[in-house]
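S.K.: This is the structure I have questions about; it appears just below.
The values are calculated or read from the model by the stated rules, or taken from the named source; none is laboratory data. Values in this document were obtained by computation on a predicted structure and should not be read as measured data. Neighbour counts are summed over all protein chains in view; Cβ atoms, including those assigned to glycine, are modelled from backbone coordinates with ideal geometry. Surface areas here come from the heavy atoms of the whole protein model, side chains and all, with no ligands, DNA or RNA. Shrake-Rupley method; radii C 1.70, N 1.55, O 1.52, S 1.80 Å.
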Amino acid sequence: MRDDNCIFCKIANGDIPSKTIYEDDEFRVILDLGPATKGHALILPKDHYANLYELPDVVAGKVLKLAKKMAIQMTKKLGCDGFNIVQNNGEVAGQTVFHFHMHLIPRYSDDNQQIGWKPIESTQEELEEIKNKILGNVDIVEE
Ligand code: 5GP
Ligand code: ZN
């Protein structure tokens, strides 16, 4: 399933050229046009899913496996010192292209880049409250 108005559908399926570093029947991995660091890449499924919420479990499983494989290969080839895997869902979370993608960001000790958040204060009571809100009336989360 593709969306004719989606740029990542076009890139993933080869209708728009990209710097591709991996491709199979279901995924294309491309270099990000506005990289956070050298080698910043994106895993794109060839089918259109707007975000993680829409991603079928079977695809989700394959994405993480591919992220691991790419991280290992890229670390070896680029000689980076660490690696961030980032995946944004929704505008408020920083998503700008609404076709699911996973960021692969090699980190270098001298990259002077910031990826993350500033921690907020939280009491034990607040943590307990949010835990109960997430759990509702179930004790543990499982399928
Ligand atoms: P998001 O903010 O949605 O998590 O990430 C979108 C990413 O896609 C950004 O890092 C941006 O630089 C990248 N991007 C946007 N348009 C293009 C494009 O046409 N080609 C490539 N290679 N990357 C793109
Ligand atoms: Zn798409």
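S.K.: How far is helix 57-78 tilted, in degrees, relative to the longest principal axis of the Cα atoms in the chain, given as a value from 0 to 90 rounded to the nearest 10?
M.R.: 60
S.K.: Over the chain, calculate the relative contact order: mean separation of alpha carbon pairs under 8 Å at least 6 apart, over the residue count, as a percent.
M.R.: 22
S.K.: Right, next: Apply the a/c threshold of 1.5 to the C-alpha gyration tensor of the chain and tell me whether it is rounded, prolate or oblate.
M.R.: It comes out oblate by the Cα gyration axes.
S.K.: Now for a separate question. Could you give the angle, 0 to 90 degrees to the nearest 10, between helix 124-135's Cα long axis and the longest principal axis of the Cα atoms of the chain?
M.R.: 70
S.K.: Something else now. Taking amide H atoms as placed 1.01 Å from N in the peptide plane, list the residues 5 or more away in sequence, or in a different chain, whose amide H sits under 5 Å from that of Asn84.
M.R.: Those qualifying (amide H under 5 Å, at least 5 residues apart or on another chain) are Ile105, Arg107.
S.K.: Roll a 1.4 Å probe over the protein chains and send me the accessible area per residue for the stretch 7-135 in Å².
M.R.: Computed with neighbouring chains in place, this is 66 Å² per residue.
S.K.: Name all residues of the stretch 85-101 having a backbone nitrogen under 19 Å from the label point set 7 Å from the Cα of Lys69 along its Cα→Cβ direction, giving them as ranges.
M.R.: Taking a point 7 Å out along Cα→Cβ of Lys69, the residues of the stretch 85-101 whose backbone N falls under 19 Å are 85-86, 101.
S.K.: When the helices in the chain are scored as -39500 (n - 2.57) per DSSP H run of 4 or longer and the sum is shared across all residues, what 222 nm value do you end up with, to the nearest 500 deg cm²/dmol?
M.R.: -9000 deg cm²/dmol
S.K.: If the chain between Glu26 and Glu128 were fully stretched, how many nm would it gain, using 0.36 nm times the residue separation less the Cα-Cα distance?
M.R.: 32.6 nm
S.K.: Nothing charged except the Cβ atoms of Lys and Arg (+1) and of Asp and Glu (-1): what's the magnitude of the dipole of the chain about its Cα centre? Round to the nearest 20 debye.
M.R.: Dipole about the Cα centre, nearest 20: 860 debye.
S.K.: Please turn the phi angles of the stretch 96-108 into ³J(HN,Hα) values with the Karplus equation 6.51 cos²θ - 1.76 cosθ + 1.60 (θ = phi - 60°), one per residue in order, whole Hz, x for glycine and proline.
M.R.: 10, 10, 9, 10, 3, 8, 10, 7, 10, 10, x, 10, 10
S.K.: Carbon and sulfur: what percent of the chain's accessible surface (1.4 Å probe)?
M.R.: 53
S.K.: Students often forget the sequence filter, so: which lysines lie under 21 Å Cα-Cα from Lys76 once same-chain residues fewer than 8 apart are removed?
M.R.: Of all the lysines, those that pass the test against Lys76 - Cα under 21 Å, at least 8 places apart if same chain - are Lys19, Lys38, Lys65, Lys68.
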